[in-house]
Amino acid sequence: MTHGSRHISVPALARVEGEGGLEIVISEGQVAEARLDIYEPPRFFEALLRGRQYTEPPDITARICGICPVAYQMSACQAIEDACQTSVTPQITALRRLLYCGEWIESHALHIYLLHAPDFLGYDSGIHLARDHPDIVSRGLRVKKAGNQLMAAVGGRSVHPVNVKVGGFYRAPTRQELRQLVPQLEQARQDSADTLTWVATFDFPEFDRDYEFVALRHPDEYPITQGRIAATSGLDITPAEYDQHFQEFQVEHSTALHSTLDGRTYLTGPMARYSLNHDTLPADIKEAAKAAGLTSTCLNPFRSIVVRAVELLFACDEALRLIRNYDRPETPAVDLTLPRGDAAGYGCTEAPRGLLYHRYSITADGTITDAKIVPPTSQNQRAIEADLRDFATPRLALDHERLTQQCEQAVRNHDPCISCAAHFLDIRLTDAGQRLKAVRT
Amino acid sequence: MAPDATAQQAPQAPVTPALAVWKFASCDGCQLTLLNCEDELLTIAGSVHIASFTEASSQVEPGPYDLSIVEGSITTAEDRERIQRVRAESRFLVTIGACATAGGIQALRNFQDDLTPIVYARPEYIQSLRTSTPIADHVRVDFELRGCPIDRRQLLEVIAAFLAGRRPNVRAHSVCIECKRAGHVCVMVAHGTPCLGPVTQAGCGALCPGVNRGCYGCFGPMESPDTASLSKIWQGLGAGGPALARTFRGFTAAAEPFRAAAEAEEAAQHDAR
């Protein structure tokens, strides 16, 4: 099977959010091409936002992704508040971080237990896994539920929260409402610690990568809602400088744009966050990570499940801390003052799957004239394809089914959210005559 | 990919009903709602046979299916064909969410020029229809469950009802009734906050008024909504015309009563000029 041409083809990837496939072309014993095909139908969000009011993106962009709506709401709010040169109060920032912790918990628990762990243990799904290990899957569902309950308590509901607005919230929860969550979150914290111990026992293929990581960095906290954009290469910029360094372009096999950092492939997401921000993790979380076999960086994408479990534990801890210190905002939202003329605003937050960038142009009457949204999975496509190529190359002698399964797992390592990835795209035509030749502004 | 006719006549009928979950153009949030039934998920998995649910399982079995749950709208020629195959293989077909039942937020493109060239550098790579349409525009649908996203309890009711062979107990009345039941103060009467509750179908549990916010209609129009009366109230609050038109042009913009109401607001505004 090592000579001639053959294909590894998974037309519809399972256990990922959204619709995509993978295709590896092997010719003369070499990987000639490795592609992550994304055929999720585009929904043209950036175009739909034009002409809408500046108050609308938190609700509209939430609908890009049912798994990480809070990420969209938070990046949108930050960008619009930036355009209006308005800062929210520390109390509102803390409440946003608490809501976001709920989303990290829900999303990471979903990926670890229902999407990713079955790969390591040889099951088709979390539901199949539950037949043999009901206690383990029940533990995962318990953690996931705690995340959802936290989102519902702060955001009104877990999928597409209704309580978020530019400037803050419609209503700030009472201390009592949040304190009711404590027993469940304490259980989730214990369950997350057990999750970390559990995933650390999995078998991981040797596959260290030379990634360029990109994540937010903040001097005082592990980044979720705010920070500067940092990279392994030393990049250290504000969200407003994003477009000067990150370029997007269209490829034929994907309805999601590919992205590069100054021409280079890069990776965002839990491994990048962890590796660039290990120093800001609390000491006990660092200890737990070390006990699970991690150093201060993680270069093996198969171990991303361990990093996700570390972040799960951190998010439970952080949610408990934020509830303990909760100081109910006197007013749930600050008023925004519209700019005097046209203005642009930029927002970057850490979605469960990585950096999520929003940019809006608004006029003095609050109308959106332009929107740009770059989700993490879109950014990670090139790194995922590079993983596939380099992972498959030394393993071509494996039997076809086994190799196909492992390649699927190599994609799932990055928890791709294809629904997110395909829903943007805002390229302007610059060639008046034909419909090609476009650049992104 | 028509179903294998011989498979349907297999001698031993399946003991448990076969469930399939399908995705079209959508955000995944409604099928996530099924996975968010944390307390019930393993019970459901024990009482049905999950034959196809790509988001959750690598195991994908061919039809026929006893119950197909469909998320998302039709936006490509390929999906227009695929939904026909899903229908042919399904005894019951239930659509879930605003995309599947009304075309979703992406149906805003139905009211605009072709967006592909604005959005993609190489439009020839993109095969997308001009419109986003609900599943019921293409195939017979046995039940439509509303919401952006759907409500978890309503989803459980629908699944239980179809497994038991009865109609789901899902009411078509307005959010106002739910809001009163929840004991919320009317945000429109008490605070002067514009609210779509009087014309929007219940099911969410009146979440927005619960956080002092007006309903923005994500469950779509109720049965026979009086949008003209609502328009007068919004005008009185200084929120008629473009603001109301924009609110109708939201997550269920292509649902007929909201589509017509948005147009009426725009026409009135045009006449006033």
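The values are calculated or read from the model by the stated rules, or taken from the named source; none is laboratory data. If you're wondering where the values come from, they're calculated on a predicted model, not measured in any experiment. We place every Cβ from the backbone using ideal geometry, glycine too, and count neighbours over all the protein chains shown.
Values computed for the structure shown
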item: Among the candidates A:Thr363, A:Thr349, residue that is more than 23 Å from the chain's Cα centre (by Cα) and among the hydroxyl-bearing types (Ser, Thr, Tyr); result: A:Thr363
item: Flag if A:Leu36 is within 9 Å of chain B (Cβ to nearest Cβ), among the hydrophobic types (A, V, I, L, M, F, W, C), touching a helix residue (DSSP H, G or I) at 6+ places or on another chain (Cβ under 9 Å) and touching a residue at least 60 places away in the same chain (Cβ under 8 Å); result: no
item: Every residue from the stretch A:120-136 that is more than 9 Å from chain B (Cβ to nearest Cβ) and over 24 Å from A:Met151 (Cα atoms); result: A:Phe120, A:Leu121, A:Gly122, A:Leu129, A:Asp132, A:His133, A:Asp135
item: Neighbours by Cβ (under 6 Å, 6+ apart or cross-chain): first from the stretch A:111-140, at negative phi; second outside any helix (DSSP H, G or I) and of a type in the set (Asp, Glu); result: A:His111/A:Asp415
item: Filter pass, B:Leu145 being under 20 Å from the mean Cα position of the chain (by Cα) and at pLDDT below 95; result: no
item: Residue in the stretch A:2-21 that is within 30 Å of A:Arg359 (Cα to Cα) and hydroxyl-bearing (Ser, Thr, Tyr) present; result: no
item: Residues satisfying the stated conditions in the stretch B:56-93, i.e. assigned to a loop (DSSP other than H, G, I, E, B) and crowded, with 24+ Cβ neighbours inside 10 Å; result: B:Ala56, B:Gly72, B:Thr75
item: Matching residues in the stretch B:219-228 - criterion: being among the polar types (S, T, N, Q) and either more than 25 Å from the chain's Cα centre (by Cα) or within 14 Å of chain A (Cβ to nearest Cβ) (or both); result: none
item: Single unsatisfied condition, B:Cys99 versus (1) surrounded by fewer than 23 Cβ atoms within 10 Å (Cβ to Cβ); (2) part of a helix (DSSP H, G or I); (3) not aliphatic (A, V, I, L, M); result: (1)
item: Criterion: farther than 24 Å from A:Arg139 by Cβ, out of contact with any strand residue (DSSP E or B) (no Cβ under 6 Å at 6 or more places or on another chain) and not aromatic (Phe, Trp, Tyr) - qualifying residue of A:Gly234, A:Gly227, A:Gly168; result: A:Gly234
item: Condition met for A:Leu150 (under 21 Å from A:Gln190 (Cα atoms) and facing chain B (nearest Cβ under 7 Å)); result: no
item: Filtered residue count, the stretch A:163-172, keeping only those that are at the interface with chain B (Cβ under 9 Å from one of its Cβ atoms) and surrounded by 23 or more Cβ atoms within 10 Å (Cβ to Cβ); result: 2
item: Subset tally (residues that are assigned to a helix (DSSP H, G or I), of a type in the set (S, T, N, Q) and out of contact with any Leu (no Cβ under 8 Å at 6 or more places or on another chain)) for the stretch B:20-36; result: 1
item: Residue within the stretch B:64-72 that is acidic (Asp, Glu), at pLDDT 95 or above and in contact with a Cys (Cβ under 6 Å, 6 or more places away or on another chain) present; result: yes
item: Subset of the stretch A:216-256 (residues that are under 22 Å from A:Ser419 (Cβ atoms) and hydrophobic (A, V, I, L, M, F, W, C)); result: A:Ile224, A:Phe246, A:Phe249, A:Val251, A:Ala256
item: 2 or more residues in contact (Cβ under 8 Å) with a residue 12 or more places away in the chain and either in contact with a Ser or Thr (Cβ under 8 Å, 6 or more places away or on another chain) or over 27 Å from A:Gly20 (Cβ atoms) (or both): qualifying helices (runs of 4 or more DSSP H) within the stretch A:199-317; result: A:270-277, A:283-291
item: Criterion violated by B:Tyr216 - all others in (1) within 13 Å of another protein chain (Cβ to nearest Cβ); (2) touching a strand residue (DSSP E or B) at 6+ places or on another chain (Cβ under 8 Å); (3) aromatic (Phe, Trp, Tyr) satisfied; result: (2)
item: Set B:Gln154, B:Gln235, B:Gln201: member being touching a Lys or Arg at 6+ places or on another chain (Cβ under 8 Å) and away from every other protein chain (no Cβ under 12 Å); result: B:Gln201
item: Subset tally (residues that are touching a strand residue (DSSP E or B) at 6+ places or on another chain (Cβ under 8 Å), facing chain B (nearest Cβ under 7 Å) and either small (Gly, Ala, Ser) or within 23 Å of A:His108 (Cβ to Cβ) (or both)) for the stretch A:39-65; result: 2
item: Residue match in the stretch B:129-144 (condition: of a type in the set (Asp, Glu), surrounded by 18 or more Cβ atoms within 10 Å (Cβ to Cβ), under 20 Å from B:Gly72 (Cβ atoms) and within 11 Å of another protein chain (Cβ to nearest Cβ)); result: no
item: One residue from A:Cys68, A:Cys84 being in contact with a Pro (Cβ under 9 Å, 6 or more places away or on another chain), in contact (Cβ under 8 Å) with a residue 40 or more places away in the chain, hydrophobic (A, V, I, L, M, F, W, C) and crowded, with 23+ Cβ neighbours inside 10 Å; result: A:Cys68
item: Hey, A:Arg209 more than 14 Å from chain B (Cβ to nearest Cβ), more than 25 Å from A:Gln409 (Cα to Cα) and under 25 Å from the mean Cα position of the chain (by Cα) or not; result: no
item: Any hit, the stretch A:111-118, residues being at the interface with chain B (Cβ under 9 Å from one of its Cβ atoms) and out of contact with any strand residue (DSSP E or B) (no Cβ under 9 Å at 6 or more places or on another chain); result: no
item: Hits in the stretch A:122-141 (condition: out of contact with any helix residue (DSSP H, G or I) (no Cβ under 6 Å at 6 or more places or on another chain) and part of a helix (DSSP H, G or I)); result: A:His128, A:Arg131, A:Asp132, A:Pro134, A:Asp135, A:Ile136, A:Ser138, A:Leu141
item: Qualifying position, being of a type outside the set (Asp, Glu), under 21 Å from A:Cys417 (Cα atoms), assigned by TED's automatic domain parsing to the domain that holds B:Ser128 and in contact (Cβ under 8 Å) with a residue 24 or more places away in the chain, among B:Ser73, B:Ser68; result: B:Ser73
item: Qualifying residue in the stretch A:80-101 (condition: more than 10 Å from chain B (Cβ to nearest Cβ), touching a Ser or Thr at 6+ places or on another chain (Cβ under 7 Å), among the polar types (S, T, N, Q) and within 22 Å of A:Thr369 (Cα to Cα)); result: yes
